[in-house]
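Scroll down for the structure; my scribbles are underneath it.
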Amino acid sequence: MRTPNTRARAFGIERHVDAMGRVVIPKDFMHDLHWTAGYAVQVRMVEDGILITPAPHVCQMCHHDIMEDQPLVVDGRAVCRPCAKAVAETLLVSHGR
Ligand SMILES: [Zn+2]
């Protein structure tokens with residue numbers, strides 16, 4: 001496991017917003033947060049900027065909207081019931097049960 005970049009966490013990393021309004025999330029931040037390409041996020045305004053957090057109602061496995069009132073949350077990530085069921089069945093099969 002890599003050592004978290006504590007300086008980057010404490011002081012941040014400067015980036016430029018491109019013409020389309022995009023900003024690249026630093027690779028170390030992506031790694032430390034376990035975010036991968038396609039990871040659904042929620043972007044919202046806060047007093048002095050923008051806060052990016054995991055999307056609370058998008059399944060982080062299939063990327064579809066989660067219709068349930070209370071999505072399953074695994075390690076801080078929302079997962080829909082069909083994906084959770086598929087993982088559970090895979091675990092049962094891989095363990096020979
Ligand atoms: Zn899903």
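Taken together, the values in this text are just the output of simple stated rules run on the coordinates, not laboratory data. In this text the structure is predicted, and so the values were computed from the model without any measurement. Please note: Cβ atoms are built from the backbone with ideal geometry, for glycine as well, and neighbour counts cover all protein chains shown.
Size of the dipole of the chain about the Cα centre, Lys and Arg at +1 and Asp and Glu at -1 on the beta carbon, nothing else charged, in debye to 20? Walk me through the intermediate numbers first.
Values: 11 positive and 11 negative charges, 70 e Å.
That gives a dipole near 340 debye.
Place the peptides 56-68, 15-27, 82-94 in order of packing, highest mean first, counting for every residue the other Cβ atoms within 10 Å and averaging per peptide.
Values: 56-68: 15.5, 15-27: 9.3, 82-94: 11.8.
The packing order, highest mean first, is 56-68, 82-94, 15-27.
Please report PHE29, PHE11 as a ranked list, fewest other C-beta atoms within 10 angstrom at the top and most at the bottom.
Least to most surrounded, the residues fall as PHE11, PHE29.
With N residues in the chain, what two-decimal value do you get for its Cα radius of gyration over 2.2 N^0.38 Å? Intermediate values should be presented prior to the final figure.
On the way: Rg = 16.8 Å, N = 97, 2.2 N^0.38 = 12.5 Å.
That works out to 1.34 for the chain.
From the residues HIS64, HIS95, MET45, which one has its Cα farthest along the dipole of the chain in the positive direction, the dipole being from +1 and -1 charges on Cβ of Lys/Arg and Asp/Glu about the Cα centre?
Most positive-ward Cα: HIS95.
Once fully extended, how much extra length lies between HIS63 and HIS34, figured as 0.36 nm per residue of separation less the alpha-carbon to alpha-carbon distance? Provide the component values of the computation, followed by the final result.
Working: separation 29, 0.36 × 29 = 10.44 nm, distance 1.56 nm.
Gain in length upon complete extension: 8.9 nm.
As a footprinting exposure proxy, order ASP75, ASP32 by other Cβ within 10 Å, with the fewest listed first. Working shown, then result.
Numbers: ASP75 8, ASP32 15.
The order, fewest Cβ neighbours first, is ASP75, ASP32.
Against the longest principal axis of the chain, how steep is helix 81-94, in degrees 0 to 90 to the nearest 10, with axes from Cα atoms?
The helix 81-94 is inclined about 60 degrees to the chain.
For a quick check: sort HIS34, HIS95 by the number of other beta carbons within 10 angstrom, fewest at the front. Don't skip to the end; give the middle numbers.
Values: HIS34 12, HIS95 7.
Fewest to most other Cβ atoms nearby, the residues stand as HIS95, HIS34.
Calculate, in nm to one decimal, what VAL43 and ARG7 gain on full extension: separation in residues at 0.36 nm each, minus their alpha carbon distance.
Details: separation 36, 0.36 × 36 = 12.96 nm, distance 2.39 nm.
Net length gain for the segment: 10.6 nm.
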